[in-house]
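What follows is a set of notes on a single structure, which appears directly below.
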Amino acid sequence: MSEALRRLVGVGLLAQDNDLGGDFTARAEPYRRELLAHCYRMTGSLHDAEDLVQETLLRAWKAYDRFEGKSSLRTWLHRIATNTCLSALDGRQRRPLPTGLGTSSSDPTAQLAERGEVPWLEPLPELTDDPADPSVIVGSRESVRLAFVAALQHLSPRQRAVLLLRDVLQWKSAEVAEAIGTTTVAVNSLLQRARSQLETVRPSAEDRLSAPDSPQAQDLLARYIAAFETYDIDRLVELFTAEAIWEMPPYLGWYRGAQDIITLIHQQCPAESPGDMRMLPLVANGQPAAAMYMRAGQLHMPFQLHVLDVVDGRVSHVVAFLDGSLFPKFGLPPSL
């Protein structure tokens with residue numbers, strides 16, 4: 001039984017009908033990961049997405065005896081998840097990255113400005129681990145790329161829902177209209193505006209990003225990690241594109257160009273010598289990534305999660321998330 005449904009049992013809900021609960025558990029559990037991805041795309045928050053999947057499963061279980069099978073269980077669950085997200089997003093701020101705030105690139109020698117109260121966009125762990133179907137892996141990774149999810153934040157919640165249901169889940173307009181309680185004409189209008197707005201904010205190089213398991217990306221990530229661990233920061237210059245971007249929420253600033261990025265790291269990184277930083281390779285948002293641990297006495301403690309855009313053998317963008325609460329979500333150790 002899943003953790004979500006164990007919690008439902010704990011409050012006595014599934015105990016009312018063990019046969020019904022067991023059938024629902026067996027049928028709903030295979031869709032947990034794609035529901036999490038859907039809620040993440042809607043909200044931009046891993047923490048919120050996990051809570052919304054729990055709420056989706058609770059709502060679905062309560063209504064399961066009325067599920068008539070007119071649509072697939074997968075479609076039915078996504079409909080519930082979408083409306084759960086729309087309710088949760090009502091009145092909430094969007095989750096940006098620093099580059100999405102409309103400011104110019106920052107001076108790498110200036111003091112950092114932290115804004116912990118901003119609900120920043122969060123990264124997503126790898127959700128697909130079935131190598132038997134490469135097309136499923138590619139499709140699911142592309143739909144959660146950080147740049148795509150960041151671009152979605154520029155849409156209204158209903159535009160977001162329509163675009164995801166139509167373009168990611170491949171629903172028909174009539175199905176979307178029924179799911180969110182509107183007309184087909186309204187869905188088509190929302191979709192047209194959403195696609196147009198998305199084109200103005202999505203990076204042009206997004207379609208050329210290297211897969212995290214490609215030899216090119218793995219080699220580049222290994223050299224990236226080695227440069228930090230040996231404290232050979234100047235060596236990073238050869239790994240970045242000329243117009244590379246670096247940002248690190250919850251700090252407001254973002255930085256353009258390899259030289260500015262190197263200057264920033266030299267100015268602001270608390271490391272002082274080789275061995276102060278250790279990094280573990282991983283995958284986040286379907287992209288190459290690394291977890292950075294910083295020396296603290298005899299241990300290395302969680303410091304940053306780096307998500308990399310790799311284009312044509314170079315790093316074109318790094319988002320370094322300074323949020324230690326994300327490390328357990330990625331299955332990472334609490335210290336090294």
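The values are calculated or read from the model by the stated rules, or taken from the named source; none is laboratory data. This is a predicted model, so every value here is computed, not measured. Virtual Cβ from ideal backbone geometry, glycine too; neighbours counted across all protein chains shown. The protein model used for the area step is the full one, side chains on, heavy atoms only, and it has no ligands, DNA or RNA in it. Shrake-Rupley method; radii C 1.70, N 1.55, O 1.52, S 1.80 Å.
Assuming R0 = 25 Å, what is the FRET efficiency of residue 259 and residue 103, from their Cβ-Cβ distance, to the nearest 0.05? In this case the efficiency is close to 0.80.
Just to confirm a number: summing +1 for Lys and Arg and -1 for Asp and Glu over residues other than residue 335 whose beta-carbon lies under 11 angstrom from that of residue 335, what do you get?
Values: positive: 278, 295; negative: none.
That works out to +2.
Accessible surface for region 215-330, divided over its residues, is 39 Å² per residue with a 1.4 Å probe. Normalised by the number of residues in the chain, the mean separation of alpha-carbon contacts (under 8 Å, six or more apart) gives a relative contact order of 16 percent. Cα extents for the chain along the principal axes, largest to smallest and rounded to whole angstrom: 63, 46, 40.
Ignoring lysines fewer than eight residues from residue 70 along the same chain, the ones with Cα atoms less than 22 angstrom from its Cα are 62, 172. Peptides 288-297, 203-212 ranked from most to least packed by the mean count of surrounding Cβ atoms within 10 Å: 288-297, 203-212.
Here the Karplus relation 6.51 cos²θ - 1.76 cosθ + 1.60, evaluated at θ = phi - 60°, turns the backbone of region 115-124 into coupling constants of 10, x, 7, 6, x, 6, 4, 10, x, 10 Hz, with x for every Gly and Pro. What residue among 143, 156, 45 has the largest mean-square fluctuation in a Gaussian network model of the chain, using Cα springs under 10 Å? Answer for the Gaussian network model of the chain: 156.
Evaluate Rg over Rh across region 215-330, taking Cα atoms for both radii and Kirkwood's formula for Rh.
Here Rg/Rh amounts to 0.93.
Just the protein heavy atoms count here, and of the accessible area of the chain at 1.4 Å, carbon and sulfur take up 49 percent.
With the other protein chains left in place, how much accessible area per residue, in square angstrom, belongs to region 17-92 at a 1.4 angstrom probe?
45 Å²
As an exercise, use a Förster radius of 51 Å and the Cβ-Cβ distance of residue 65 and residue 156 to find the FRET efficiency, rounded to the nearest 0.05. After rounding, the FRET efficiency stands at 0.90. Taken as Cα centroids, region 180-240 and region 87-103 sit 18 Å apart, rounded to the nearest whole angstrom. For residue 240, enumerate residues with amide H under 5 Å from its amide H, sequence gap 5+ or separate chain, H modeled in the peptide plane. Those qualifying (amide H under 5 Å, at least 5 residues apart or on another chain) are 315.
Each residue of region 304-318 was assigned a 3J(HN,Hα) from its phi angle through the Karplus curve 6.51 cos²θ - 1.76 cosθ + 1.60 (θ = phi - 60°); the sequence is 8, 10, 9, 10, 10, 8, 10, 10, 6, x, 9, 7, 9, 6, 10 Hz, with glycine and proline shown as x. For residue 329, a cut-off of 14 angstrom between C-alpha atoms picks up these aspartates and glutamates, skipping any fewer than 8 places away in its own chain: 48, 50, 51, 122, 126.
For residue 248, the residues 5 or more places off, or on other chains, whose built amide H falls under 5 Å of its own are 320.
Note on residue 325/residue 183: beta-carbon distance plugged into 1/(1 + (r/R0)^6) with R0 of 41 Å gives a FRET efficiency of 0.50. Between 272, 50, 117, the Gaussian network model of the chain with springs among Cα atoms under 10 angstrom shows the greatest mean-square fluctuation at 117. Measuring nothing but how far apart in sequence close Cα pairs (under 8 Å, 6+ apart) lie, relative to its length, region 215-330 scores a relative contact order of 26 percent. Put simply, the amide H of residue 284, placed in the peptide plane, has neighbours under 5 Å in 289, leaving out anything fewer than 5 places away on its chain. Derived scalar couplings between HN and Hα for region 98-109 equal x, 5, x, 8, x, 9, 7, 4, 9, 7, x, 9 Hz in order, rounded to whole Hz, by the Karplus curve 6.51 cos²θ - 1.76 cosθ + 1.60 (θ = phi - 60°), x for Gly and Pro.
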